[in-house]
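The values are calculated or read from the model by the stated rules, or taken from the named source; none is laboratory data. Keep in mind that this is a model prediction, so the values were computed, not measured. A quick note on method: Cβ atoms are made from the backbone with ideal geometry, for glycine too, and the neighbour counts reach across all protein chains shown. Accessible surface areas use protein heavy atoms only, side chains included; no ligands, DNA or RNA. Shrake-Rupley method; radii C 1.70, N 1.55, O 1.52, S 1.80 Å.
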Amino acid sequence: MSDDSAFEQDQQQKSDKKNWSGRFNEPVSELVERYTASINFDQRLAEYDIQGSLAHAKMLAAQGIISNEDLTAIEQGLHQIRNEILNHQFIWSQQLEDVHLNIEKRLTVLIGDAGKRLHTGRSRNDQVATDIRLFLRASIDNIINLIKAMLQALVNLAQQHIHTVMPGFTHLQVAQPISFAHHLMAYFEMLKRDIERLIDCRKRVNQLPLGAAALAGTSYPINRELVAQILGFEGVCKNSLDAVSDRDFAIEFCACAAVIMTHLSRMSEEFILWMNPLFGFIQLADRFCTGSSIMPQKKNPDVPELVRGKTGRINGHLVALLTLMKAQPLAYNKDNQEDKEPLFDTVDTLTDTLRIYTDMLAGIQVNQEAMRQAALQGYATATDLADYLVKKGIPFRDAHEVVAKTVQFAEQQGCDLNDLELSELQQFSSHIEPDIFANLTLEGSMESRKHTGGTASHQVQTAINEAKQWLC
Ligand code: ARG
């Protein structure tokens, strides 16, 4: 856009002020103007606003509500506006409050009366609801792809560690030996459910509000199904009041996002622990860590810590939207303008987090020896001794008691169960025979859990194969 036309646009916008100003005796103060404007953040919806307007205009022409000449002018004008925005030449005006009025005013400057006819049978209320749904639909599709990429990195890492033994924990105490791959694949299950949740949420996002107009519908002979078809919506919102007022679809998305971040936060917590030299299970690549300005020995896992921290922020956005909605009478209220910033920040934070996580997983270095040593230290095969006795006919509760005493003895000796002599073990039960030792090794314990969902290498490989198939 030339300087001249930018000046022209600015002047025109200033002189026109707001569309409804004919009824008002005094302009709003600068403070009120700033307070009520959303242009600083909702200009992000411009592309979706233009798509919605193009579809609406096409329908108006198809229904004979506007002429084909008007439609052509509107299409040309909107394409020009799209280019101006993409080239950062569009001048956004706070006086024009929001993205919808800014674009409409510019259209009128460019094409005259045809621009003023675009808003026939429409209100900003159904317009903004449409824009957000289009934005969210695109965001969901992008986020699903990002989760899939992250899961691919997770599965690649798991594939290398089917035989890497680590302690499985309960109460953060060593419990039973598991493979590192099995541990990682637990997160695959969580994030797979997250994708399923997003796919389900998308169905409810992907419904068209346009046609609801301000709240009650419109007296023009519109065709909502045609607009839905042009914009790729699966259906139309069935009640005009509901269409313009509820934001449950955004709340639902934020709830999905909060669950995803919760899963990533749990994984982050583990990475932070495992990075600690007391565990020493993994190293994150240096690009995800920082040093200390005072303690040269430190390598801090900043990225996982921030993922854990940002989960609080995402939970906050969910609560913000729930609170925004909870006392609103039907139908549209200006409160709803406050839906955008939490929603946008949720999308942005989640997008960045997923991208960074994919890269971080690909750069993890595993210290297999540290994992193995940790598994050897916590009597992780005690349950296997109990199970062995049960298989010899001893009731589980009695076997539990025998093992408790055996572990106490091993603790006093300062060794693992596996290191005890057969005769020492037999002090606690005469049912113990030489075949016990195969059961007390870490590998023996792991491989014995060979049912669906267990940590035996064959089962974990099956889970990984299914995961790979699911991802492609
Ligand atoms: N900027 C407004 C929003 O985000 C658009 C709808 C305004 N509608 C109205 N009746 N004031 O919600």
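Looking at the range 76-106, which of its residues are within 33 Å of the chain's Cα centre (by Cα), over 21 Å from ARG124 (Cα atoms), without any contact (Cβ under 8 Å) to a residue 40 or more places away in the chain and outside any loop (DSSP other than H, G, I, E, B)? Within the range 76-106, ASN83, LEU86 meet the criteria. Of the residues making up the range 428-460, those that are of a type in the set (S, T, N, Q), part of a loop (DSSP other than H, G, I, E, B) and surrounded by 14 or more Cβ atoms within 10 Å (Cβ to Cβ) are SER429, THR441, SER448, THR455.
You will find that of ASP348, ASP359, ASP339, the residue that is acidic (Asp, Glu), modelled with pLDDT of 95 or more, more than 30 Å from ARG449 (Cβ to Cβ) and crowded, with 18+ Cβ neighbours inside 10 Å is ASP339 and no other. When ALA73, ALA55 are screened for being away from the ligand (no atom under 16 Å from the Cβ), in contact (Cβ under 8 Å) with a residue 60 or more places away in the chain, among the small types (Gly, Ala, Ser) and surrounded by 18 or more Cβ atoms within 10 Å (Cβ to Cβ), only ALA55 passes.
Within the range 389-402, not a single residue is of a type in the set (D, E, K, R) and more than 30 Å from SER430 (Cβ to Cβ). Counting only residues that are touching a strand residue (DSSP E or B) at 6+ places or on another chain (Cβ under 6 Å) and among the hydrophobic types (A, V, I, L, M, F, W, C), the range 168-210 holds 6 of them. Annotation: of all residues in the range 154-168 being assigned to a strand (DSSP E or B) and surrounded by 22 or more Cβ atoms within 10 Å (Cβ to Cβ), the one that is nearest to the ligand (Cβ to nearest atom) is MET166. Per the conditions (1) hydrophobic (A, V, I, L, M, F, W, C); (2) within 16 Å of the ligand (Cβ to nearest atom); (3) part of a helix (DSSP H, G or I); (4) surrounded by fewer than 21 Cβ atoms within 10 Å (Cβ to Cβ), the sole criterion not satisfied by VAL109 is (2). For ILE199, the stated conditions do not hold, so it cannot be described as in contact with a helix residue (DSSP H, G or I) (Cβ under 6 Å, 6 or more places away or on another chain) and either open to solvent by 50 Å² or more (accessible area, probe 1.4 Å) or among the polar types (S, T, N, Q) (or both).
Contact map, the range 240-259: first residue under 15 Å from ARG197 (Cβ atoms), second residue in a helix (DSSP H, G or I) and hydroxyl-bearing (Ser, Thr, Tyr), Cβ cut-off under 7 Å, separation 6 or more or different chains; pairs are CYS254/THR346; ALA257/THR346. Among the residues of this structure, HIS171 counts as one that is under 30 Å from LEU273 (Cβ atoms) and either away from the ligand (no atom under 16 Å from the Cβ) or not polar (S, T, N, Q) (or both). Please identify the pairs in which a residue from the range 214-229 that is in a loop (DSSP other than H, G, I, E, B) has its Cβ atom under 9 Å from the Cβ atom of a residue that is open to solvent by 50 Å² or more (accessible area, probe 1.4 Å) and among the small types (Gly, Ala, Ser), counting only partners at least 6 apart or on another chain. Sorted first by the residue in the range 214-229, then by its partner, the pairs are PRO221/GLY64; ASN223/ALA62. Restricting attention to the range 326-336 and to residues that are open to solvent by 20 Å² or more (accessible area, probe 1.4 Å) and either under 14 Å from ASP42 (Cβ atoms) or assigned to a helix (DSSP H, G or I) (or both), the residue that is farthest from the ligand (Cβ to nearest atom) turns out to be ASP335. Exactly one residue out of LEU172, LEU184, LEU191, LEU151 is within 20 Å of SER268 (Cβ to Cβ), of a type outside the set (D, E, K, R) and surrounded by fewer than 16 Cβ atoms within 10 Å (Cβ to Cβ), and it is LEU172. Summed over the range 112-134, the residues that are within 12 Å of the ligand (Cβ to nearest atom) and either of a type in the set (A, V, I, L, M, F, W, C) or assigned to a helix (DSSP H, G or I) (or both) give a count of 9. Only one entry in ALA463, ALA467 is outside any loop (DSSP other than H, G, I, E, B), touching a residue at least 40 places away in the same chain (Cβ under 8 Å) and touching a Gly at 6+ places or on another chain (Cβ under 9 Å), namely ALA463. Screening TYR35 on (1) surrounded by 18 or more Cβ atoms within 10 Å (Cβ to Cβ); (2) assigned to a helix (DSSP H, G or I); (3) within 16 Å of the ligand (Cβ to nearest atom) shows it passes everything except condition (1).
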